[in-house]
Amino acid sequence: MSTIATRTTPDLSPTPRGTQTRAADVADELPTIRRVTARRLVSAAQRLAEQRSVWTPLVSWSPDERLAVRVGSTATYEAWLLTWLPGQSTGLHDHGGSYGAFVVVEGALEEATLAPPRRHQPAALVHRTLDAGRARSFGPHHVHEVSCRGTVPAVSLHLYGPALASMRRYLLDEEGRAVIVARERAGVDW
């Protein structure tokens, strides 16, 4: 088992915008998955987390927003590195029908998952904290929000299979129902 380093003072220098994708550089270094399942994605995310030389050069921070950099892709999935300062969040969203997994490699993240509503009751958010080294996988209908609620920055690796083509963003209305407020498309909105 590998140890996970923790950064306590991130470099907040400006992030170069030309480094959003490196797929051609690292495709051969990504773990292979022949058929995507949530379990296989989380295993691949854990293996990628151990390959620090692949993703560490991509770590950078922004005081304005959580950063997401595409690490690379294979024929069956894509991998993203996300960096988080305390208070940064994804907002409530889905993954457009893709399976997914993420592993926290530094710091801690909180996940709020939209639990299926019970008959005649509002939807509920179920909260869990994932410390460094913990991983989470999910199926194609998963709706969640991920945030850095602690006092130190966090770094996480996220895998999606097939590669993300779209995402929907949600808000909970007054009655606790999840309402779609935006639809985003790969290549257009990110």
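Take the conditions in contact with a Cys (Cβ under 9 Å, 6 or more places away or on another chain) and surrounded by fewer than 20 Cβ atoms within 10 Å (Cβ to Cβ) and apply them to residue 86. Does it pass? When the stated conditions are applied, residue 86 passes them. Take residue 72 and tell me if it is in contact with a Lys or Arg (Cβ under 7 Å, 6 or more places away or on another chain), buried (at least 20 other Cβ atoms within 10 Å of the Cβ) and of a type in the set (Gly, Ala, Ser). So residue 72 fits the description; yes. For segment 113-136, a residue qualifies if it is in contact (Cβ under 8 Å) with a residue 40 or more places away in the chain, small (Gly, Ala, Ser) and part of a strand (DSSP E or B), and the qualifying residues are 124, 135. Among the residues making up segment 79-103, a single one is touching a Ser or Thr at 6+ places or on another chain (Cβ under 7 Å), of a type in the set (A, V, I, L, M) and over 17 Å from residue 43 (Cβ atoms): 82. Each residue in segment 147-190 was checked for being part of a loop (DSSP other than H, G, I, E, B) and either among the basic types (Lys, Arg) or buried (at least 20 other Cβ atoms within 10 Å of the Cβ) (or both), and 5 pass. Selection of segment 148-163 for residues being at pLDDT 95 or above, in contact with a Gly (Cβ under 8 Å, 6 or more places away or on another chain) and within 26 Å of residue 124 (Cβ to Cβ) yields 148, 154, 158, 160. Right, residue 110: among the acidic types (Asp, Glu), in contact with a strand residue (DSSP E or B) (Cβ under 8 Å, 6 or more places away or on another chain) and either surrounded by fewer than 17 Cβ atoms within 10 Å (Cβ to Cβ) or without any contact (Cβ under 8 Å) to a residue 40 or more places away in the chain (or both) or not? Answer is yes for this residue.
When restricted to residues that are hydroxyl-bearing (Ser, Thr, Tyr) and part of a loop (DSSP other than H, G, I, E, B), segment 59-108 contains 7. Filtered by the rule that a residue be modelled with pLDDT of 55 or more and not in a helix (DSSP H, G or I), segment 1-44 gives 30, 31, 32, 33, 34, 35, 36, 37. Within this structure, residue 47 passes the test of being free of Cβ contacts under 8 Å to residues at least 60 places away in the same chain, in contact with a Pro (Cβ under 7 Å, 6 or more places away or on another chain), surrounded by fewer than 17 Cβ atoms within 10 Å (Cβ to Cβ) and outside any loop (DSSP other than H, G, I, E, B).
The values are calculated or read from the model by the stated rules, or taken from the named source; none is laboratory data. For clarity, every value in this text was computed on a predicted model and none was experimentally measured. Cβ sites come from the backbone with ideal geometry, for glycine too, and all protein chains shown count toward neighbours.
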